[in-house]
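Peer 1: Dropping a structure here in structure tokens format, bear with me for questions.
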Amino acid sequence: MLKAARNDIDLWLVNYQQIQDPALLEQYAQFLSPEEVKRHERFAFTRDKQQFLVTRALIRWVLSQYLGLDDPGSLEFGASRNGKPELLIETTLQFNLTHTRGLIALAVMQVEPVGIDVEYLSRQADIVNLAERYFARKEAEELLALPVEQWNERFYDLWTLKEAYLKAGGTGLRTPLSEFCFSFSGETLDISFSDLLGGDSTAWKFWQLDIDKAFRLSLAVNDRKGHDYRLRVKKGVPVAGFSDISPAIIRTSIR
Ligand SMILES: CC(C)(COP(=O)(O)OP(=O)(O)OC[C@H]1O[C@@H](n2cnc3c(N)ncnc32)[C@H](O)[C@@H]1OP(=O)(O)O)[C@@H](O)C(=O)NCCC(=O)NCCS
């Protein structure tokens with residue numbers, strides 16, 4: 001059984017395209033619920049099929065270990081009022097998932113709500129239009145004041161932080177992105193809320209990790225007490241095994 005203390009933030013990273021062993025993929029398929037089997041069959045593209053199968057295997061295999069369950073297929077999932085996936089059993093275990101081209105990331109905590117987002121940094125986006133339209137005015141102004149070659153990275157810094165915050169379950173996914181604002185200073189970052197939204201910025205903790213130059217990963221934890229956090233990052237293949245890695249922290253709100 002996997003043990004995690006209340007201050008542990010566990011991240012599980014998987015390069016799903018590298019998993020080709022037919023026997024392993026067949027084992028993953030055995031974990032799926034009947035409804036997941038139907039969804040798996042409906043994907044037209046092999047790449048999407050693979051991402052779905054490995055995602056389901058990761059979440060079921062990892063969470064069943066924290067819960068001390070032998071059969072990952074026995075887990076049942078529902079959703080919170082905000083649509084956040086959650087376990088349909090009595091547990092304090094919290095998790096959130098993200099996937100982008102080539103990578104799946106799962107964050108797990110014992111008690112505190114957690115949100116995670118990963119984006120592929122080379123993904124094309126209409127940065128000026130999106131930043132001016134959706135980000136807080138200060139965020140957009142600061143982004144556009146940077147040298148053009150830094151726009152992409154700042155855009156995905158903001159994008160992933162905003163998604164991670166929303167996915168942690170703060171105010172729901174329909175919260176306008178302009179109502180909360182991130183500011184950056186060297187290796188630290190802060191969130192502030194508009195008067196309309198309100199909210200206690202000290203109850204939110206953020207990290208951005210350098211897991212791979214191709215991706216930006218942001219993590220949000222809603223924790224009023226503020227623990228002495230320990231990030232435990234693992235990279236590997238569900239069922240086959242994971243190794244500990246120590247990615248650098250690009251920025252954090254922890255002082
Ligand atoms: C639903 C949403 C959170 C998915 O995000 P995404 O970047 O498309 O995809 P990700 O890979 O990061 O996350 C998908 C996973 O989030 C989880 N998820 C779905 N709904 C969620 C919710 N309401 N809250 C938290 N997590 C959720 C699921 O596990 C999902 O994976 P699964 O379907 O394989 O189980 C997102 O599309 C959304 O609606 N965001 C609204 C906010 C917005 O406009 N963001 C723009 C950022 S600037």
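Peer 1: Condition check: within 9 Å of the ligand (Cβ to nearest atom), acidic (Asp, Glu) and under 26 Å from Gly198 (Cα atoms). Does Asp157 satisfy that?
Peer 2: No: the conditions fail for Asp157.
Peer 1: Is there any pair linking a residue in region 138-156 that is surrounded by fewer than 18 Cβ atoms within 10 Å (Cβ to Cβ) to one that is modelled with pLDDT of 95 or more and basic (Lys, Arg), with Cβ under 6 Å and at least six apart or on different chains, and which?
Peer 2: Going by the 6 Å Cβ cut-off, the qualifying pairs are Leu146/Arg154.
Peer 1: In region 70-128, which residues are more than 30 Å from Trp151 (Cα to Cα) and aromatic (Phe, Trp, Tyr)?
Peer 2: Phe77, Phe95
Peer 1: Considering each residue of region 54-86, count those that are within 11 Å of the ligand (Cβ to nearest atom), open to solvent by less than 50 Å² (accessible area, probe 1.4 Å) and among the hydrophobic types (A, V, I, L, M, F, W, C), and give that number.
Peer 2: 3
Peer 1: Select from region 102-119 the residues that are of a type in the set (Asp, Glu) and within 19 Å of Tyr156 (Cα to Cα) and write down the one among them that is farthest from the ligand (Cβ to nearest atom).
Peer 2: The selected residue is Glu119.
Peer 1: If only one of Lys225, Lys213, Lys205, Lys138 is out of contact with any helix residue (DSSP H, G or I) (no Cβ under 6 Å at 6 or more places or on another chain) and under 17 Å from Leu103 (Cβ atoms), which one is it?
Peer 2: Sole residue among the options that is out of contact with any helix residue (DSSP H, G or I) (no Cβ under 6 Å at 6 or more places or on another chain) and under 17 Å from Leu103 (Cβ atoms): Lys213.
Peer 1: List the number of the failed condition for Arg123; all other conditions in (1) under 23 Å from Phe215 (Cβ atoms); (2) touching a residue at least 40 places away in the same chain (Cβ under 8 Å); (3) within 15 Å of the ligand (Cβ to nearest atom) hold.
Peer 2: Here Arg123 meets the rest and fails (2).
Peer 1: Just one of the numbered conditions (1) closer than 30 Å to Gln50 by Cβ; (2) open to solvent by 60 Å² or more (accessible area, probe 1.4 Å); (3) without any contact (Cβ under 8 Å) to a residue 60 or more places away in the chain; (4) near the ligand (Cβ under 9 Å from one of its atoms) is not true of Leu173; which one?
Peer 2: (3)
Peer 1: Another question, if that's okay. Please determine, by comparing only the residues of region 14-52 that are open to solvent by less than 40 Å² (accessible area, probe 1.4 Å) and β-branched (Val, Ile, Thr), which one is nearest to Ile104 (Cα to Cα).
Peer 2: Per the criteria, the residue is Val14.
Peer 1: Does region 94-101 contain any residue that is more than 12 Å from the ligand (Cβ to nearest atom) and either under 25 Å from Leu158 (Cβ atoms) or open to solvent by 10 Å² or more (accessible area, probe 1.4 Å) (or both)?
Peer 2: Looking for residues that are more than 12 Å from the ligand (Cβ to nearest atom) and either under 25 Å from Leu158 (Cβ atoms) or open to solvent by 10 Å² or more (accessible area, probe 1.4 Å) (or both), one finds none in region 94-101, hence no.
Peer 1: Still on this structure: Under 8 Å between Cβ atoms, which residue pairs at least 6 apart in sequence (or on different chains) link something in region 2-26 that is within 22 Å of Leu209 (Cα to Cα) with a partner that is open to solvent by 90 Å² or more (accessible area, probe 1.4 Å)?
Peer 2: The qualifying pairs are Ala5/Arg230; Asn7/Asp228; Asn7/Arg230; Asp8/Arg230; Ile9/Arg230; Gln17/Arg47.
The values are calculated or read from the model by the stated rules, or taken from the named source; none is laboratory data. From a predicted model like this one, the values you see are computed outputs, not experimental measurements. We place every Cβ from the backbone using ideal geometry, glycine too, and count neighbours over all the protein chains shown. We work out accessible area using only protein heavy atoms, side chains counted, and drop any ligands, DNA or RNA first. Shrake-Rupley method; radii C 1.70, N 1.55, O 1.52, S 1.80 Å.
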